[in-house]
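The values are calculated or read from the model by the stated rules, or taken from the named source; none is laboratory data. Predicted model only: the values in this text are computed from it and were never measured. As a convention, Cβ positions derive from the backbone with ideal geometry for all residues, glycine included, and neighbour counts pool all protein chains shown.
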Amino acid sequence: MKKNIFYKIAAFISLALLPACASLPEKPPQDFYKSNKIEAPHGNAFTFCSQYGCKRLTPLSISNDEWADISNVYGPLAQNAQQEREKISRTIARFEQIIGARTGTDIDIAGTFRKIGKGQLDCVDESTNTTSYLMLLEQNGFLRFHRVGAPDTRFPIVHSGRWPHQTAVIIEKENGKRYVVDSWFYDNGHPAVVLPIKTWKEGWKPDGNFR
């Protein structure tokens with residue numbers, strides 16, 4: 001009985017710790033932005049999230065020169081869904097490098113608690129920014145085999161880990177399979193993790209010591 005009460009309390013605390021991580025996996029990403037009072041990406045413009053839980057919102061845009069750089073990294077349009085996921089992984093890294101240099105978040109390191117302070121992002125910041133980059137790619141014709149979903153969350157006890165964790169999501173058009181695009185596990189500018197959401201929800205992490 002006491003054990004059950006403990007789990008209920010822990011689950012409640014987990015949900016309370018990350019209010020911005022409300023999961024909207026079956027809804028369009030625009031609903032996520034609306035619910036969090038963030039302007040959704042459009043054209044070349046987006047809102048950059050920082051300072052843990054999107055406490056700071058910075059309007060930014062991608063210049064023509066930056067798009068040329070991103071296009072060069074992305075390369076030719078993908079010929080299949082797997083190839084597209086590989087392109088997405090490395091292109092998100094390039095977005096982070098470009099925007100990191102402009103916002104001072106190029107010093108962001110893997111995770112949330114290994115370093116705190118200016119320039120460090122948490123999973124809410126990272127997943128929101130990654131979703132924005134994905135939507136810009138989608139709106140500018142880079143995605144043929146996927147559409148962008150709303151960010152999703154895994155919770156302690158229910159899923160895995162010590163803390164709630166949020167990620168960006170893409171959905172394969174042909175079969176509806178959902179994949180995470182998670183840049184939080186590595187330092188700024190590293191290719192994002194792209195893997196089935198089921199694997200991620202089971203507690204995937206880069207190594208056994210990651211927190």
Looking only at the stretch 126-146, how many residues end up being surrounded by 20 or more Cβ atoms within 10 Å (Cβ to Cβ) and among the basic types (Lys, Arg)?
0
Here the residues within the stretch 39-93 that are touching a residue at least 24 places away in the same chain (Cβ under 8 Å) and on the phi > 0 side of the Ramachandran plot are Gly43, Gln51, Tyr52, Gly53, Cys54
Restricting to the stretch 48-72, and then to whatever is of a type outside the set (Ser, Thr, Tyr) and over 19 Å from the mean Cα position of the chain (by Cα), can you tell me which residue is farthest from Lys173 (Cα to Cα)?
Asp65
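Taking only the stretch 173-186 into account, find how many residues are touching a helix residue (DSSP H, G or I) at 6+ places or on another chain (Cβ under 9 Å) and surrounded by 17 or more Cβ atoms within 10 Å (Cβ to Cβ).
Residues that pass the stated criteria total 8.
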Quick one: Leu121 ticks every box in (1) surrounded by 17 or more Cβ atoms within 10 Å (Cβ to Cβ); (2) out of contact with any strand residue (DSSP E or B) (no Cβ under 7 Å at 6 or more places or on another chain); (3) assigned to a loop (DSSP other than H, G, I, E, B) except a single one, so which number is it?
(2)
Please determine, by comparing only the residues of the stretch 187-211 that are touching a residue at least 60 places away in the same chain (Cβ under 8 Å) and of a type in the set (Gly, Ala, Ser), which one is surrounded by the fewest Cβ atoms within 10 Å (Cβ to Cβ).
Gly189
Is one or more of the residues making up the stretch 125-148 outside any helix (DSSP H, G or I), under 17 Å from Thr167 (Cα atoms), at pLDDT below 95 and of a type in the set (D, E, K, R)?
no
Residue in the stretch 41-93 that is surrounded by the most Cβ atoms within 10 Å (Cβ to Cβ), counting only those that are polar (S, T, N, Q) and part of a helix (DSSP H, G or I):
Thr91
